[in-house]
Amino acid sequence: MKLFNNSYELDYPWNQVTAANWNKYPNEVSTHVVAVDVLRREVKDSGNVLVTERLITVQQNIPRWLIFLLGSTQNVSYVREVSTVNLQDKTLTLKSCNLNYVNLLKVFETVQYTPHPKDPLDRTLFKQEAQISACTGCNVSKKLTNTMEDWSIKRFCDNAKKGKIGFNSVLRLSNEETSNYK
Amino acid sequence: MGNIMSSSFAPECTELKKKYDSCFNEWYTEKFLKGKSIENECSKEWDNYIKCVDRNLVKSGIKPALDEARKEAPFENGGDLNKD
């Protein structure tokens, strides 16, 4: 199992960031996310909490050695995400895991957006953690398990970099359209 | 709002999704964030969209993996979406 951690600041207020979160895709950078669907959505706690389950469709080329392991050239995969917006705590938490090839690779991700402690009205803190485990349900060498985990961490890291640039471009756009969030 | 909206995994649901998303986005910024709403008001758009999604989850074979993940659901104990 390998861990990935990442955090950065966004120069937009928390309310605006949570609204833009629903429109993060498509963006010009994260082109691997080809579709986003809402599967369930509930308002709770007298309108203070919004829970959403989504299906994220990802299409990205995979290396030849992995095609061999998967026994498939299919490069579409699905991620299930459950998110909670809490207006009282001012948190948006997104938790996700891949749906296919789970015996070969499991990627659990947690993302949290909170108002920046030093500048809560104007900036937002982004924190991301991922836990990547290869071959929880298959029988391959330790070396291959490590190779797969290293490859996944690298890809995850590349996608996270794209995510940051892409989300900033979506936020810039949303900022031009409205200044109605404060 | 002039945001570009994402497609559905099922092309036939994309139009319905865009209608739902535009209703939801408006509700989210104008009502939910301002603490003015205790329910999601886009029920007509939602019903049309989710019917399409549910049908296509089965048709495309994603449903079994999704059900399995929901059952396992290690991360949503606090999310309460598990109470089917």
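Roughly what would the spin-label model give for residue B:72 and residue A:90, points 7 Å off Cα along C-beta, in nm?
3.6
Relative to the longest principal axis of chain A, what angle (0 to 90°, nearest 10) does the C-alpha long axis of helix A:142-177 take?
Once rounded, the angle reads 20 degrees.
Would you list A:91, A:52 from fewest to most Cβ contacts within 10 Å? Write down the numbers at each step before the final one.
Details: A:91 16, A:52 21.
In increasing order of surrounding Cβ atoms, one gets A:91, A:52.
Any lysines with Cα under 29 Å of the residue A:161 Cα? List them, leaving off those in the same chain fewer than 8 positions away.
Leaving aside lysines fewer than 8 places away in the same chain, those within reach of residue A:161 are A:2, A:24, A:90, A:95, A:106, A:118, A:127, A:142, A:143, A:182, B:17, B:18.
For residue A:91, what residues show an amide H to amide H distance below 5 Å, using hydrogens built from the backbone and excluding near sequence neighbours?
Amide H to amide H, under 5 Å and 5 or more residues apart or across chains, residue A:91 pairs with A:86.
Are there any trypsin sites (Lys or Arg not before Pro) in region A:78-174 that are in a DSSP loop and have at most 13 other Cβ atoms within 10 Å? List them by number.
Numbers: sites: A:80, A:90, A:95, A:106, A:118, A:123, A:127, A:142, A:143, A:154, A:155, A:161, A:162, A:164, A:172; in loops: A:90, A:118, A:123.
When the trypsin sites (Lys or Arg not before Pro) of region A:78-174 are filtered for loop state and at most 13 Cβ neighbours within 10 Å, A:118 remain.
Among A:108, A:167, which comes first, then next, by fewest other beta-carbon atoms within 10 Å? Please list the in-between numbers first.
Working: A:108 16, A:167 22.
Placing the least packed residue first, the sequence is A:108, A:167.
Counting only other residues whose beta carbon sits under 12 Å from that of residue A:88, what net charge do I get with K and R as +1, D and E as -1? Let's see the in-between values first.
On the way: positive: A:44, A:90; negative: A:45, A:89.
For residues surrounding residue A:88, the net value is 0.
Laboratory data are not the source of any read-out in this text; all were calculated from the coordinates shown. On a predicted model such as this, the values are computed, not experimentally measured, just so you know. Note that each Cβ is placed from the backbone with ideal geometry, even for glycine, and that neighbours are counted across all protein chains shown.
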